[in-house]
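**Q** Here it is, the structure, as structure tokens.
The values are calculated or read from the model by the stated rules, or taken from the named source; none is laboratory data. Small disclaimer: the values here were computed from a predicted structure and weren't measured. All Cβ positions, even for glycine, are placed from backbone atoms using ideal geometry, and neighbour counts span all protein chains on display.
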Amino acid sequence: MNQASVNEKHKVSPFYVFFLVHSMQVGLGVLNFQRALAKSTGTDGLISILLAGLIVHIFIWIIYKILSIVPGDIISANNHAFGKWVGNFFNLLFIFYFFILGMTIITGYIEVIHIWMFKEVPSWAFSLVFLILIYNINTGGFRTITGITFLTVIASYWLLFVPFYGFKYADFSNLLPFDHTLLEILKGTRSTSLSMIGFEMVLMYYPFIHNAKKSQKYAHGGVLMTTSLMLLLYFVSIVFYSENELIINIWPTLTMTSIIELPFIQRFEYIVVSWWVIVIIVNMVIPLWAASRGFKLLFNVQQKYPLWVMSIIILLINIFVFDADALYILNKVINPYWVSFFVIYLPILLLMVKIKK
């Protein structure tokens, strides 16, 4: 596919890439990344976050380098580098990943709702509501998705002030000691990287950006914003909790908000969990858009048909299969393997497209 094949009226300004990248990285991960990081690195987790952010910046550079050589998206880049058959095999892997990522985010947020608010409401009921919303947003086209992304980021930034309430109970002695090995810090970097995925969606929506090469600085800006947010959340967490408390707390960010009491709101965490649907809806929409667009390009079908199929599969999984164990498998087995594949594959793809330039 060539970038020129996307009609100009369907493209968005490079500026919006900041919001597209940042919003995809701020989802379920920021609610609980502190626990895994504390297990690996304790107070040195701040270093792991900085390293993870640096690694993501490197991969943003690699992605833009690939797509500057082969105008289009990951579908055209794979076919250019490896030919039709091998290229389409890798394309199917990417499509499968996009689908799994979207499904994981939907089921993960439903689990948060079950734990914190509505234990008795069946998963399929929430899933059905989200899937109808996702379908309607996706059928509006990429400009609609971008507009909603921009609005959700702007509408949610009041949540940035919530962690500062934790300083009221801070114990800054928790910041010491700095005594973890390089291997432990790198292990923490890996776990943090899992919470920063989502930036790779650029591989699919690159052709929808006006003067796409100029959007790279905004992509880096989005990653920088995410890294700064995670540094803030982790810093507040380690001075609010003891290290042992942080390790055993499954949802540190949400637990921290539960201490906030206002004269007219006693359970402030209900507000945060409810508002988080505004934050996370884009995390659900963009991966399924990317997967359905991949099917459209590979099999020459209308994008709505694979979107229907994926929605039905997700709904059926939430009816018959979904439980906490299934979510654990998705988060702890599939996603880490994908990140490992991604780290190896993209540099190889860059090398191949340079060779065949």
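Quick grid of which residues meet (1) touching a helix residue (DSSP H, G or I) at 6+ places or on another chain (Cβ under 8 Å); (2) of a type in the set (Val, Ile, Thr); (3) farther than 30 Å from Asn174 by Cα; (4) surrounded by fewer than 19 Cβ atoms within 10 Å (Cβ to Cβ):
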| position | (1), (2), (3), (4) |
| --- | --- |
| Phe15 | yes, no, yes, yes |
| Leu20 | yes, no, yes, no |
| Phe33 | yes, no, no, no |
| Val56 | yes, yes, no, no |
| Trp61 | yes, no, yes, yes |
| Gly72 | yes, no, yes, no |
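**Q** Here are some conditions: (1) farther than 30 Å from Asp44 by Cα; (2) more than 24 Å from the chain's Cα centre (by Cα); (3) among the hydrophobic types (A, V, I, L, M, F, W, C). Ala170 meets all but one. Which one does it not meet?
**A** Failing condition for Ala170: (1).
**Q** Scan region 137-147 and give yes if some residue there is of a type in the set (Lys, Arg) and buried (at least 18 other Cβ atoms within 10 Å of the Cβ), otherwise no.
**A** No: region 137-147 contains no residue that is of a type in the set (Lys, Arg) and buried (at least 18 other Cβ atoms within 10 Å of the Cβ).
**Q** Can I ask one more? Can you tell me which residues in region 144-182 are modelled with pLDDT of 80 or more and of a type outside the set (A, V, I, L, M, F, W, C)?
**A** Answer for region 144-182, where residues must be modelled with pLDDT of 80 or more and of a type outside the set (A, V, I, L, M, F, W, C): Thr144, Thr146, Gly147, Thr149, Thr152, Ser156, Tyr157.
**Q** So, in region 7-65, of the ones that are assigned to a loop (DSSP other than H, G, I, E, B) and small (Gly, Ala, Ser), which residue ends up modelled with the highest pLDDT?
**A** That would be Ser13.
**Q** So, one more: Looking for something surrounded by 15 or more Cβ atoms within 10 Å (Cβ to Cβ), modelled with pLDDT under 80, over 30 Å from Ile58 (Cα atoms) and not charged (D, E, K, R) - is there at least one such residue anywhere in region 261-277?
**A** Within region 261-277, one or more residues are surrounded by 15 or more Cβ atoms within 10 Å (Cβ to Cβ), modelled with pLDDT under 80, over 30 Å from Ile58 (Cα atoms) and not charged (D, E, K, R).
**Q** In region 194-236, which residue that is of a type outside the set (S, T, N, Q) and not in a helix (DSSP H, G or I) is nearest to Gly147 (Cα to Cα)?
**A** Out of the qualifying residues, it is Ile209.
**Q** Would you check which residues across region 294-319 are out of contact with any Ser or Thr (no Cβ under 7 Å at 6 or more places or on another chain), among the aliphatic types (A, V, I, L, M) and modelled with pLDDT of 90 or more and list them?
**A** Leu297, Leu298, Val301, Val309, Ile312, Ile313, Leu316
**Q** Still on this structure: Name the pairs whose Cβ atoms lie under 7 Å apart, with the first residue in region 49-65 and β-branched (Val, Ile, Thr), the second surrounded by fewer than 17 Cβ atoms within 10 Å (Cβ to Cβ) and in a helix (DSSP H, G or I), and 6 or more positions between them or separate chains?
**A** Going by the 7 Å Cβ cut-off, the qualifying pairs are Ile49/Leu231; Ile62/Pro347.
**Q** Among the numbered criteria (1) modelled with pLDDT of 90 or more; (2) surrounded by fewer than 19 Cβ atoms within 10 Å (Cβ to Cβ); (3) under 30 Å from Trp276 (Cβ atoms), which one does Phe118 miss?
**A** (1)
**Q** Would a scan of region 177-191 turn up a residue that is part of a loop (DSSP other than H, G, I, E, B), free of Cβ contacts under 8 Å to residues at least 40 places away in the same chain and β-branched (Val, Ile, Thr)?
**A** Scanning region 177-191 turns up at least one residue that is part of a loop (DSSP other than H, G, I, E, B), free of Cβ contacts under 8 Å to residues at least 40 places away in the same chain and β-branched (Val, Ile, Thr).
**Q** Taking the stated definitions as given, is Ile259 in contact (Cβ under 8 Å) with a residue 24 or more places away in the chain, in a helix (DSSP H, G or I) and more than 17 Å from the chain's Cα centre (by Cα)?
**A** When the stated conditions are applied, Ile259 does not pass them.
**Q** Can you work out which of the residues in region 278-304 that are outside any helix (DSSP H, G or I) and of a type in the set (S, T, N, Q) is surrounded by the fewest Cβ atoms within 10 Å (Cβ to Cβ)?
**A** Out of the qualifying residues, it is Asn300.
**Q** Kindly evaluate Leu307 against the criterion of being surrounded by 15 or more Cβ atoms within 10 Å (Cβ to Cβ), over 23 Å from Gly166 (Cα atoms) and either over 23 Å from the mean Cα position of the chain (by Cα) or among the hydroxyl-bearing types (Ser, Thr, Tyr) (or both).
**A** no
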